[in-house]
Amino acid sequence: MSITDEILVTPEVLSCPYEFYRRVRDEAPVHQTPLGFWLVSRFDDVMSVVRDPERFSSNFNTSFASGSASPEMLAVLADGYPSANTLLTNDPPTHTQFRALVNKAFSPKRVAQLEGEIRGVATDLIDAFVADGKVELVSQFAVGLPLTIVADALGVDRADMAHFKQWSDHAVAPLSGLLDAMQMLECARSRVEMQRYMAAVIERRRAEPRDDLLSDLVHAVFDSGDRIGESLTVAELLNVIEQILVAGNETTTKLLAAGMLALIENPEQMLKVRANTELIGNLVEEALRIESPVQMLPRIAKTDVEVGGVNIPKGSMVMVMYGCANRDETKFANADVFDIERSNARGHLAFGQGPHFCVGAALARSEARIGFELLLDRLYDIALAPIEQPTDRALSMTLRGLTALHLVFTATPNNSTSES
Ligand code: HEM
């Protein structure tokens, strides 16, 4: 069967899409799928689309704002704050203004300042399981690290972490497009709950700023456009916060788990990184490249356009395939090989490119680097647990990653330092 007749959303393809991707890149690098949307698969073509917001809009609202919201859901959402469109699904010129403002809160200084806290949280998480000689790495480490860092940065009480986790999960869930009406309603309730909680924290930070990311966001002001000197409204702040939850938590969880599994499956790479921990930074880049947490995202063609010699009509939904472009052989030699010494690993598109380039990239990199430093320092002989199903993954076109990674290990002598 021609690749253009095949669909991506079968469980077989989604569990390991890379052969499908290879055929798309080789046989029909830009094509319309039987489901209606278009695929753009090659590195250069993906790059040209995401760097061209004039012709490709990011205004692809897939969740609550879509026209398919039920009357019940609209009633629930009416109790919360109105939707604002700040970053992910916004276009220039207003995207540019919001983005410049939000960048101030994610400054290199702020991210560097968080290093100590990242180290502390990661250490606590490892302390909690290291004596067991086994761990389910996703739930016991990879979820908790980014979630706690972001919760702290947003002023969420540690006592409210269970709620925060649920808000974060419910913010991401609608993106799958697979929820039924009841589940969507639950997500909508969760959203309103999060909005009320965070609106109260925002007001506290407005009155009494602290040295944290949320205070930076609350007090940052526009320095271009028609709102110079103004700060974000509560609805806009809530939208930015929701996007941080959607884009920042699960993605980083998936990066940590994918990197660890790749090291276990490639023991020679594990040996290399243990012999030279300076390679951890590049290990993070290579894990992002070969198992990109965000596999693809939509754009909408604003006009009739041509990509890679193929005409795409105005109004089409175009999937930019970050995970596929990251395995493009014309950019990455032996692209299917996990090589932590790859010299251009950092050239991947896992954080996107162009105006929507991930605002949390430096934070995610820092969390993953420190996470791997500590895991490799304190756990030795790491292997998959000898159980029937040591790994599990969610099947999704957009977010790829493990939902379970059961490991066994030996605690290194280094552990006595942190336990004493
Ligand atoms: C491994 C971790 C991460 C990955 C793979 C990732 C991936 C991405 C990608 C691919 C985009 C571009 C979206 C597009 O092209 O439309 C993006 C945007 C974004 N990311 Fe990340 N992200 C990660 C971590 C984070 C973190 C830690 C945060 C915040 C705490 C964050 C917040 C955002 C936001 C707010 C945007 C929207 C930016 C805009 O539209 O201007 N991300 N991310």
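So, residue 280, is that one buried (at least 18 other Cβ atoms within 10 Å of the Cβ) and either among the aromatic types (Phe, Trp, Tyr) or free of Cβ contacts under 8 Å to residues at least 60 places away in the same chain (or both) or not?
Criteria not met by residue 280.
For residue 96, indicate whether it is assigned to a helix (DSSP H, G or I) and of a type in the set (Ser, Thr, Tyr).
yes
Is it fair to say residue 263 is at pLDDT below 95 and in a helix (DSSP H, G or I)?
no
When region 342-400 is examined, which residues are found to be more than 14 Å from the ligand (Cβ to nearest atom) and at positive phi?
Answer for region 342-400, where residues must be more than 14 Å from the ligand (Cβ to nearest atom) and at positive phi: just 381.
Which of the residues that make up region 273-320 are more than 27 Å from the chain's Cα centre (by Cα) and either within 16 Å of the ligand (Cβ to nearest atom) or within 16 Å of residue 45 (Cβ to Cβ) (or both)?
305, 306, 308, 309, 310, 311, 312, listed by residue number.
Starting from residues that are assigned to a helix (DSSP H, G or I) and modelled with pLDDT of 95 or more, keep the ones in region 44-93 and report whichever is farthest from the ligand (Cβ to nearest atom).
44
Which of the residues belonging to region 208-243 are free of Cβ contacts under 8 Å to residues at least 40 places away in the same chain and within 13 Å of the ligand (Cβ to nearest atom)?
237, the sole residue that qualifies.
When the residues of region 405-420 are narrowed to those that are outside any loop (DSSP other than H, G, I, E, B) and surrounded by fewer than 16 Cβ atoms within 10 Å (Cβ to Cβ), which ends up modelled with the highest pLDDT?
Going through the qualifying residues, I end up with 410.
Need pairs with beta-carbon distance below 6 Å; first residue among the β-branched types (Val, Ile, Thr) and within region 244-272, second more than 8 Å from the ligand (Cβ to nearest atom) and in a helix (DSSP H, G or I); sequence gap 6+ or separate chains.
246/171; 246/172; 253/142
Any idea how many residues of region 1-43 are charged (D, E, K, R), within 23 Å of residue 301 (Cα to Cα) and touching a residue at least 60 places away in the same chain (Cβ under 8 Å)?
The qualifying residues number 2.
Got a number for residues in region 85-124 being buried (at least 18 other Cβ atoms within 10 Å of the Cβ) and among the small types (Gly, Ala, Ser)?
Summing the residues that are buried (at least 18 other Cβ atoms within 10 Å of the Cβ) and among the small types (Gly, Ala, Ser) in region 85-124 gives 2.
Mind checking which pairs have a first residue in region 70-89 that is more than 18 Å from residue 181 (Cβ to Cβ) and a second that is more than 16 Å from the ligand (Cβ to nearest atom) and in a loop (DSSP other than H, G, I, E, B), Cβ under 8 Å, 6 or more apart or different chains?
Qualifying pairs under 8 Å: 83/64; 84/233.
Scan (1) at pLDDT 95 or above; (2) in contact with a strand residue (DSSP E or B) (Cβ under 6 Å, 6 or more places away or on another chain); (3) closer than 26 Å to residue 350 by Cα for the single condition residue 394 breaks and write down its number.
Residue 394 satisfies every listed condition except (1).
I'd like to check something: does region 23-33 contain any residue that is under 23 Å from the mean Cα position of the chain (by Cα), of a type outside the set (A, V, I, L, M) and not in a strand (DSSP E or B)?
Checking region 23-33: not a single residue is under 23 Å from the mean Cα position of the chain (by Cα), of a type outside the set (A, V, I, L, M) and not in a strand (DSSP E or B).
Every residue in region 190-229 that is of a type in the set (Asp, Glu) and farther than 18 Å from residue 82 by Cβ, please.
Selection gives 208, 211, 212, 216, 223, 226.
Cβ-Cβ below 8 Å, separation at least six or inter-chain, first residue in region 307-328 and over 17 Å from residue 285 (Cα atoms), second at pLDDT 95 or above and of a type in the set (Ser, Thr, Tyr): which pairs?
Short answer, once both residue conditions are applied: 307/48; 314/303; 321/21; 321/41.
So which helices (runs of 4 or more DSSP H) are wholly in region 271-390 and hold at least 2 residues that are within 24 Å of residue 128 (Cβ to Cβ)?
Helices (runs of 4 or more DSSP H) meeting the threshold: 280-290, 361-378.
The values are calculated or read from the model by the stated rules, or taken from the named source; none is laboratory data. A quick note: this is a predicted structure, and the numbers were derived from the prediction, not measured. Note: ideal-geometry Cβ built from the backbone for every residue, glycine included; neighbour counts use all protein chains shown.
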